[in-house]
1. As an exercise, use a Förster radius of 45 Å and the Cβ-Cβ distance of A:ALA213 and B:ALA191 to find the FRET efficiency, rounded to the nearest 0.05.
2. According to a simple spin-label model (label point 7 Å from Cα along Cα-to-Cβ), what is the distance in nm between B:TYR264 and A:ASP235?
3. To the nearest 0.05, what FRET efficiency results for B:LEU6 and A:ASN158 with a Förster distance of 41 Å applied to their C-beta separation?
4. Give the angle, between 0 and 90 degrees and rounded to the nearest 10, that separates the Cα long axis of helix B:32-44 from the longest principal axis of the Cα atoms of chain B.
5. Counting pairwise Cα distances across the protein assembly as shown, what percent come out greater than 39 angstrom?
6. Does anyone have the angle between helix A:301-313 and the longest principal axis of chain A? Alpha-carbon axes, 0 to 90°, nearest 10?
7. Counting Lys and Arg as +1 and Asp and Glu as -1, each charge on the Cβ, what is the dipole of segment B:26-89 about the Cα centre in debye, to the nearest 20?
8. Would you kindly calculate the mean projected area, averaged across all directions, of the convex hull enclosing the Cα atoms of segment B:3-279, in square nanometres?
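Derivation of every value follows stated rules applied to the coordinates shown; laboratory data play no part. None of these values were measured; they are calculated from a predicted model. Glycine also receives a Cβ, built like all others from the backbone with ideal geometry; neighbour counts cover every protein chain displayed.
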Amino acid sequence: MAETKKIATRESFGLALCELAKEHPEIVVLDADLAAATKTDIFKKAYPDRFFDCGISEGNMIGVAAGLAACGKVPFAASFAMFATGRAYEQIRNSVGYPHLNVKIAGSHAGITVGEDGATHQCCEDLALMRTIPGMVVLNPADHYEMTEAVKASYEYNGPVYIRLGRLAIDSFNDPETYHFELGKGITLKEGEDVTVIATGLVVNEALKAVRALEAKGINARLINMHTIKPIDKDIIIKAAKETGRIITVEEHNIIGGLGEAVCAVTAECCPVPVSRIGIQDTYGHSGPALGLLAEFGLDAEGLEKSIEAIVKK
Amino acid sequence: MDNQELLEMKKNACKVRQYIIEGVFNAKSGHPGGSLSAADIITYLYFKEMKVDPQNPHDPDRDRFVLSKGHCCPALYGALALKGYFPADEIKVLRHIGAMLQGHPDMKHTPGVDMSSGSLGQGISAACGMALAAKYDNKDYRVYAMLGDGECEEGQVWEAAMFACHNKLDNLCVIVDFNGLQIDGRVDDVAGLGAVDEKFRSFGFEVIKIDGHSYDEIEAALDKAKTVKGRPTAIIAATIKGKGVSYMEDQVGWHGKAPNADEYKIAMDELNAQLKALEA
């Protein structure tokens, strides 16, 4: 099994970029004065000539990335999820999405686990924003090993990709010996028949702990790790709907526009079953330690265990 | 430019203007005013300045042009058609369903269009990225970006200006088509843009002010820009919106309106007369 050292996916991202850059000179990295936070500073240190700090100007950074991609480079442009996908939404939509340019956008400090910085920096809308752009691939890796593979997969895919990065150092639960990332394919982490929990990103590990605890209470939940929000893995959702009859989604994101609604769209059109969405209930976060916030919003293992049990027993 | 070359340039610009009127008239929509003001500079870029080959529109070593004021694409389409990137018949179905030529430039479907644009302020950033890519690859191609004066109200223009100077993009030439008008009125009345030349200069650009309808001045400015090292150049080109069609000149109402059949005839008669005079 995986070693127990905690690592934030933003750091995994920075390390993965460095590895990938060894083989691929066309990879360049852009940041908007947040290299120390997004962890592109790891790349900057290793490849100073391939790193371009755009300063605090996210809109321009995305446009510069588009121009680089139009000339054959593979730019990874990083900022906080809030500013990359929020401030620069229209630049991403028109300068990257519409011409389907090969730009990778990394949004760090996503969700409420930003912690003390509070609501202005806690982006719980990035997945929704990026999902709406035609042709955009949206990835939300759950741990170090998944992030490492997701960065490689995003490079191998020719077109725009959004990758969500977390600030909080977390345990790795995937086994690097057996882990396999396939873009657009969810991963069943635990089999079960009573209900299917579909989780994404940082809260997958919390959901894993929750469904294991629920076994002792006689609830046998299936758990799917949905690392790709778009294109969503329809087959795994339909199979789960048919076999377990009920789905619960878990995300550190507004329940509007994210994983929950993506799953609802599939079930509604292909196999209607009740779907319950656990996530940020269309509200803003606030300041506080990340783990405290995760508990407050019911997204830690304990909170998820209670919510899932209540939904199943309803 | 010798006299013969100058004459050919003027004829080509006149033909580009005819394409603008033709395209916008048949589309029953579009932006003739700013297309006509930009026509001379765009014609010069494609017929004299830029190293481009219509037979090889994706040549990685070609010079690039980004029409940041993307709504003025009828002028770009006219120049590209005249240059032979695609058949001129395409212009007659500009903006029609299923047409190759979109209401704003689409690099994916139109040969010769180096960047999709249309949302103001964004093209200059992409041009910076292209110029940066040339530096990164040690290539000597140049990148030209044309902006509107009204477009300079977008904050992103100045983000890009800062970036271009910080990264010493001397292979980037920004051209501002300064026709003085935007949709809601005179630029000075709408938003108090102020001295654009001083703004670019203060960011670190080499700034050259010209008459954007004088080929001598266009040529001299672009030649000068190629000699500037360590910083980008901004050419502020004073132009007349609607240039070449008498009733459109300096009229704010012709920013985004198509001529009716009578107006179309007047415009084409005028342009035909201009062309005839040049051919005489």
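1. Between A:ALA213 and B:ALA191 the formula returns 0.15.
2. Reported label-point gap for A:ASP235 and B:TYR264 is 5.3 nm.
3. According to the calculation, E is roughly 0.35.
4. 60 degrees
5. I get 37 percent for the Cα pairs in the protein assembly as shown exceeding 39 Å.
6. The two axes meet at around 50 degrees.
7. Here segment B:26-89 has a charge dipole of around 180 debye.
8. 13.3 nm²
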